[in-house]
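Below is one structure, written out as structure tokens; the observations come after it.
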Amino acid sequence: MASMRDIKRRRSSIESTQQITKAMKLVSTVKLQRAKQRAEQSKYYFNSIYETVSSILAKAEGIDHPYLRAGSGGKKVVIMITSNKGLAGGYNSNVIKLITRNPEFSPENTKVYVIGKKGKDAFKRAGYEIMADFSEAIEAPNYRDGAQITDELLSGFAKGEISEIYLAYTFFKNTVSHIPTLLKLLPVDNLEKYDKDEDEDQSAKAKAEKKTAEAPMNFEPEDEEALNLIIPKYMASLIYGALIEAQAAENGARMQAMDNATNNATEMIEHLTLLYNRARQGSITQELTEIIAGANAIS
């Protein structure tokens, strides 16, 4: 059995750690309330623009536009949204596995735009080429970040350097449920969610509408000019929405992780207190035994 001094030192160390996890939980809770409100406000627009573009393209027939066909020689690009900090449970690893464990996205045919230092480090270790780093965007997401990333990607897509564009992020379903999600952004000929969430019914409805579309879509102005305006806004809006969702999911995951850590620390402190009391009682008993034995020897 460990000595009383060792038990006391370990208990003090765990108590100090528990104070830190409690503080981090409180900070994450406050941040979550703000991020959750933003996510709930933007979710309707996020889903609506995705379904609207799906509907438009479902009814658009015979249109030959660069954004509607995959490039032949370019590589796939994934916009990966993670966090800049750890201590968030499986938040980062779960979304990273969507790419690293998917045989369609190998280091040879895939490049990565990273948003979040944890994702950057993970993909560097896995051998993927990092095209750009926008890690600061996850701290305070705004539409300009999405627009900047969109401009760079569309430029490469138009030049044939990029064949397909995907968006990987964590969908914020509620405070305790966060779903790693992969979306195909370009080409937009077959929009589909790889990981289903609560909007599965709406996504199915959009697919059904695509199949049953009877009347072709009429564009005003011409279809090419209209798509040149629609697609960049569509991409920028989805990236911006994903940033807000990911920020809420990150704070929710960190709050849960710190709450679990605090509870585990409490259990360890209780266990160590019990061990300390047993050791103390054993020490007192031993001292009494020695005193009694000494008194008997003298008498």
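The values are calculated or read from the model by the stated rules, or taken from the named source; none is laboratory data. None of these values were measured; they are calculated from a predicted model. As a convention, Cβ positions derive from the backbone with ideal geometry for all residues, glycine included, and neighbour counts pool all protein chains shown.
See the values below:
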{"quantity": "Inter-residue pairs, beta-carbon under 7 Å, first under 18 Å from G119 (Cβ atoms) and in segment 130-159, second of a type in the set (S, T, N, Q) and part of a helix (DSSP H, G or I), 6+ apart", "calculated": "I138/Q247; P141/Q247; G146/S237"}
{"quantity": "Within segment 97-191, strands (runs of 3 or more DSSP E) holding 1 or more residues that are closer than 27 Å to L32 by Cβ and out of contact with any helix residue (DSSP H, G or I) (no Cβ under 8 Å at 6 or more places or on another chain)", "calculated": "162-174, 177-186"}
{"quantity": "Residues that are among the hydroxyl-bearing types (S, T, Y), part of a helix (DSSP H, G or I) and touching a residue at least 60 places away in the same chain (Cβ under 8 Å), drawn from segment 1-41", "calculated": "T17, T21, S28, T29"}
{"quantity": "Single unsatisfied condition, L87 versus (1) closer than 23 Å to A265 by Cβ; (2) over 16 Å from the mean Cα position of the chain (by Cα); (3) assigned to a loop (DSSP other than H, G, I, E, B); (4) of a type in the set (A, V, I, L, M, F, W, C)", "calculated": "(2)"}
{"quantity": "Residues that are hydrophobic (A, V, I, L, M, F, W, C), surrounded by fewer than 19 Cβ atoms within 10 Å (Cβ to Cβ) and under 15 Å from A248 (Cα atoms), drawn from segment 158-178", "calculated": "V176"}
{"quantity": "When residues of segment 220-253 are limited to those that are farther than 21 Å from I165 by Cα and in contact (Cβ under 8 Å) with a residue 40 or more places away in the chain, the one surrounded by the most Cβ atoms within 10 Å (Cβ to Cβ)", "calculated": "A249"}
{"quantity": "Sole residue being assigned by TED's automatic domain parsing to the domain that holds A236, at pLDDT 90 or above, among the hydrophobic types (A, V, I, L, M, F, W, C) and within 13 Å of the chain's Cα centre (by Cα), chosen from I115, I149, I130, I165", "calculated": "I115"}
{"quantity": "Set R38, R34: member being over 23 Å from F157 (Cβ atoms), touching a helix residue (DSSP H, G or I) at 6+ places or on another chain (Cβ under 8 Å) and modelled with pLDDT of 80 or more", "calculated": "R38"}
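Let's see how each residue does on (1) in contact with a Leu (Cβ under 7 Å, 6 or more places away or on another chain); (2) surrounded by fewer than 15 Cβ atoms within 10 Å (Cβ to Cβ); (3) closer than 30 Å to T170 by Cβ:
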residue: R5; (1), (2), (3): no, yes, no
residue: Q19; (1), (2), (3): no, yes, yes
residue: A23; (1), (2), (3): no, yes, yes
residue: S28; (1), (2), (3): no, no, yes
residue: R34; (1), (2), (3): no, yes, yes
residue: A39; (1), (2), (3): no, no, yes
residue: K43; (1), (2), (3): no, no, yes
residue: N47; (1), (2), (3): no, no, yes
residue: T52; (1), (2), (3): no, yes, yes
